[in-house]
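Notes follow once the structure below has been shown.
The values are calculated or read from the model by the stated rules, or taken from the named source; none is laboratory data. Everything numeric in this text was worked out from a predicted model, so none of it was measured. Counting neighbours? That spans all protein chains shown, and the Cβs are built from the backbone with ideal geometry, glycine included. Just the protein is used for accessible areas: all its heavy atoms, side chains included, with ligands, DNA and RNA removed. Shrake-Rupley method; radii C 1.70, N 1.55, O 1.52, S 1.80 Å.
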Amino acid sequence: MNVFHRFSLRLTLPLTLLVMLTGTLALTVGLNLYQGKARIEQQAVERVTQKLDQLHGLIADSLLTDDLPAVQHMVSMVSADSDVLALLVVDPRGVVRAANRFEWVGMAYLQVPGVDPAMLPYVRQSDVSRIVSSADQQMIVAETRLVFAPDPGELRSSQMGGLLLQHDLRRAKAQAARDSMVSALADWLAIAAISFAIYALFHLSFGRRIQRLIGGIARMRDGNLTSRVGLTGRDELAQVAHAVDDMADQLATHQRELATQQAEITESSARYRALFESNLDGIVLLDDVGDVIDANPTFRRLVGVSQDSLLGQPFHIRLDTDSQADWQGQMREQLEARGYTDEFELHLLTASGERLPVATKCMRLADSQGVHRGGWCLVRDLSERKQAAVEQRLAAAVYDSSSEAILVTDPDFRVCMVNPAFVQQTGWDTLSLAGQVLPALDRQTDPRNPALLTALQREGRWQGEHWMTRRNGESFPVWLSCAPALGDDGQISHYIALFSDISERIATEQRMRYLAEHDELTGLANRFAFMQRLESQLDSCLPGGRLAVMFVDLDRFKPINDMMGHKVGDDLLRRVAERITEVMGDLAVVARQSADEFMVFTADVSADEAEQLAQMMVGMLTQPYRVGPYDLSIAASVGVSCYPEHGLSASLLLKHAELAMTQAKRTGGSRALCYDPNMQQGEEERHALEQDLRKAIERGDLLLEYQPQLNLNTQQVSAVEALLRWRHPTLGWISPVKFIPLAEETGLIQPIGQWVLQEACRQMADWHSRGLLLTVAVNLSALQLRHTGLFNDVYQALAQSGVESSYLELELTESALMENIDAMLDTLREFDELGVQLSIDDFGTGYSSLSYLRHLPIGELKIDRSFVKDLETDPHAAPIVEAILAMAQSLGLSVVAEGVETDAQFAFLAAKGCAYVQGWWLAKSMPGAELERWMGEYDISAVTERITQARQPRQLAATAV
């Protein structure tokens, strides 16, 4: 519609009418053309149908008699019509027999231009004529079946051909289109004449009046409100002119009123400006986007900048980061939602960089039409109020959050207020106590109170341990501090009391005093209390007095504690403490020294009586314990020292008792021994040997010897066992039986074991590099098996030497393995996955479980040398060895017999199917270089002959039996 506003009405109306009528005419012509074409097609279909039926009747008989000239004559007659494009008679073989054009006769019908290939198949299948329009709607195509002359011998012809007729529609459709366009042109010329007549009539009737109306309005627009249009008449233009004249009258009246209002606004603006400039709060005027358009002197003073620096700058750049978030967030949301904000605490950034706290509220400004026109912000300095609030808040926070109870009373000690900690500790609140005197501050309630109150009034302060009463009547100890508060007149206006509950502190002190003298787990005395009582008992001993000290160490407690957990271990220790106390009676002092060590002293007993008591204790402690679902058994080693024979001081007596216990433990455990002075000398020698062993590791005095193992099936040596030796610089060779237990006891076995692994792998790598492919067996101690880094030690030794893991064999003692089999199982499987061979050493001396052996990745058992040694002297040794060999065979394990020294031992083992032997019968242990020479001189034929000789007496003896 905006396009028509660019032209005058006298032109717009005729043009609009012309366009609308022209469009209507175009639609009518289009519809007529469409209907004319449909009508032409319908008429053509009727004509074609008529011709088709006529021709079919004319030529049907001629075709049956094969009279083709007659058929061609009939076709030529029918096709005389110029609209017939093609008329074909096609025989069953698809050959044109008659046609409206003679050149088509005799051709295949498919060669005729524009013929449908599907015509002949269709008429063969259907006797219904088909009349359709072509795809381009330019002609009508008719097809029908024709019956040709029958073949000889046929009664009824089966020769089906077709009749094709194509009727042209183009000429008829073109004539119809020309007729429609001529008619439309005549109609359009009539419409154009009518539109021109309307234009002339409008111009003559309304043009001059409209120009007069426009001129009057233009004068009013230029400010001449006294001018009038003055059109007469009752038509619409006259009504518009009258309305414009009335509007001019009203505008003149409003102009006078506005002048009066403008004077009032000017006066009001001056008053508001004075208020703006003199306001003690900062005021900032902002435009729609938040830029400063004015600021009063107070605001400029707060930020410390001039008016020119503020104008045109966004207000929010004068705020710190947190305040900008409030300005862009909540304050903007409130302004948009309701037109004003709550009071927000923001921080202005002054010219000096300080953060000034201000209370800020903002409001939108709107004109008389309600349209928003920026806004203003009121900014109030909060510095002093903030500081006062901080001080007040801190005081309140101290009062409310103090863990100490605070009580405020008047000068007569009547309660005024209490803090939350007071309520929590006593159960009393301010309402319940207001105006009352607490019992703890009442002179008449307790004889301790007057001294406190008198000292407070005299000295102005008091603190110390006192008491308070809870709401339920219970008294509890407190640490109390009291001081007066003075009023403006300098007199006491209140008393302030602070106290804290010290019940837990007193209980803790009592508990600490108890724990300082007792073992928390068992309730027995601890070492400190034991020594104090022992020293006190020794000090009070009369001449001739006697006293016995016992040191108890539990055997096999650690495996139980490790396997079954500390809860079971703790319960077991409590049972042990009960049994020791039961054996020793009430007169003895029993204490717990450490995890599985206990100390006892009892007076008035002789050395023999003390040893009997200790032995009785060993027997009692050996009895089974029922701990939860478990039946547990342990043993104990007890050392005894007696006063005055073995020492006069508590420390010496305890030292000698511990020494005796250690000796009892080393000699098999589960026994009691009384101190002997010779033990001290042995202990000193042992200590010296320990120090020498530590130095031996550093100096390299340790070395490895290797003892070969003989494969009885091949008579070859394919493996050796690495044996640790110590050559002391002054004492010479130290037996492994002496220094290895010492190393295990002191923990030195761990670094020694790492060195053995590394040295054995190094030696093995050296042999392998020279073609001597020997497997080396390395013994692992119980302590190494419990070490969590064992797998890493083995892996590192293999990696550094480059030896294949399958050439390393680890020998595990049966007792050490079964001590903690569950914990070791994963590590053994890791060794198996790595390819390291595993064997059980000293088999038969421990307590292996066959169910465990079936699941362990063990490949070999080593019969302990004690069984081999006794084969010739002990009748029980042979059955044991035979049982081990049979069991190993059933489990698929190979067996190595250690300590084979005689032909008789060898012959027995060979006869029973033992696969490997090791011992002096074959060779002693020797250093690596010597073993390499021995292997070079090894004569398999000599060894075979020796084996034969060794077996001969045995075989003869067996035959004789």
Q) Roughly speaking, to the nearest percent, how much of the chain's 1.4 Å accessible area is carbon and sulfur? A) 54 percent
Q: Using a Förster distance of 30 angstrom, determine the FRET efficiency expected from the C-beta separation of Asp136 and Asp179, and round it to 0.05.
A: 0.85
Q: About the Cα centre of the range 13-118, how large is the charge dipole given +1 on each Lys and Arg Cβ and -1 on each Asp and Glu Cβ? Please answer in debye to the nearest 20.
A: 400 debye
Q | Local electrostatic count at Val408 - Lys and Arg +1, Asp and Glu -1, tallied over other residues with Cβ under 14 Å | A | -4
**Q.** Stretch gain in nm, segment Asp287-Thr873, where the contour uses 0.36 nm per residue and the Cα spacing is subtracted
**A.** 199.0 nm
Q.
Using a 1.4 angstrom probe on the protein heavy atoms only, could you order Cys377, Cys416 from most to least accessible area?
A. Cys416, Cys377
Q: Could you compute the FRET efficiency for Thr775 and Met564, with r as their C-beta to C-beta distance and R0 at 41 Å, rounded to 0.05?
A: 0.60
Q.
Using +1 at the C-beta of Lys and Arg and -1 at the C-beta of Asp and Glu, which of Gln663, Val618, Ser540 has the Cα lying farthest in the positive direction of the dipole of the range 519-675?
A. Gln663
Q. Taking Cα centroids, how far is the range 352-367 from the range 24-52 in Å?
A. 85 Å
**Q.** Relative contact order of the chain, pairs being alpha-carbon contacts under 8 Å that are 6 or more residues apart, as %
**A.** 4 percent
**Q.** Cα-centre dipole for the chain with unit charges at Cβ (Lys and Arg positive, Asp and Glu negative), debye to 20
**A.** 4840 debye
Q | Distance histogram in 10 Å bins (all Cα pairs of the range 281-387, percent per bin) | A | 15, 51, 29, 5, 0
**Q.** For the range 388-462 versus the range 573-623, the gap between their alpha-carbon centres in whole angstrom
**A.** 57 Å
Q. Distance from the Cα centre of the range 232-260 to that of the range 919-954, in angstrom?
A. 143 Å
Q) How large is the charge dipole for the range 519-675, taken about the Cα centre, if only the Cβ atoms of Lys, Arg (+1) and Asp, Glu (-1) carry charge, to the nearest 20 debye? A) 340 debye
Q: Name the residue farthest towards the positive end of the dipole of the range 281-387 from the options Gln387, Val289, Gly353, assuming +1 on Cβ of Lys and Arg, -1 on Cβ of Asp and Glu, about the Cα centre.
A: Gln387
**Q.** Helix 527-539 axis, angle to the chain major axis (alpha carbon atoms, nearest 10°)
**A.** 20 degrees
Q) Each label point is 7 Å from the Cα along the Cα-to-Cβ direction; what then is the distance between the points at Thr445 and Glu257, in nm? A) 8.1 nm
Q. If the chain between Arg694 and Glu804 were fully stretched, how many nm would it gain, using 0.36 nm times the residue separation less the Cα-Cα distance?
A. 36.4 nm
Q.
Report the gain in length on full extension from Arg458 to Arg471: 0.36 nm times residue separation, minus Cα-Cα distance, nm rounded to one decimal.
A. 1.6 nm
Q.
Accessible area per residue for the chain in Å², computed with a 1.4 Å probe and the full protein assembly in place, what is it?
A. 55 Å²
Q. Which FRET efficiency, nearest 0.05, do Leu275 and Ala434 yield, Cβ-Cβ r, R0 56 Å?
A. 0.70
Q) Simple spin-label model, 7 Å along Cα-to-Cβ: His768 to Trp755 in nm? A) 2.4 nm
Q | Overall form of the chain per C-alpha gyration tensor (a/c, 1.5; a/b vs b/c) | A | oblate
Q | Mean residue ellipticity (222 nm) of the chain, computed from DSSP H runs ≥ 4 via -39,500 (n - 2.57), nearest 500 | A | -16500 deg cm²/dmol
**Q.** For the range 554-670, with +1 on Lys and Arg beta carbons and -1 on Asp and Glu, the positive-most of Asn561, Leu573, Tyr643 along the dipole
**A.** Asn561
Q) Say each of Asp586 and Ser540 gets a label point 7 Å from the Cα, pointing the same way as Cα to Cβ; how far apart are those two points in nm? A) 1.6 nm
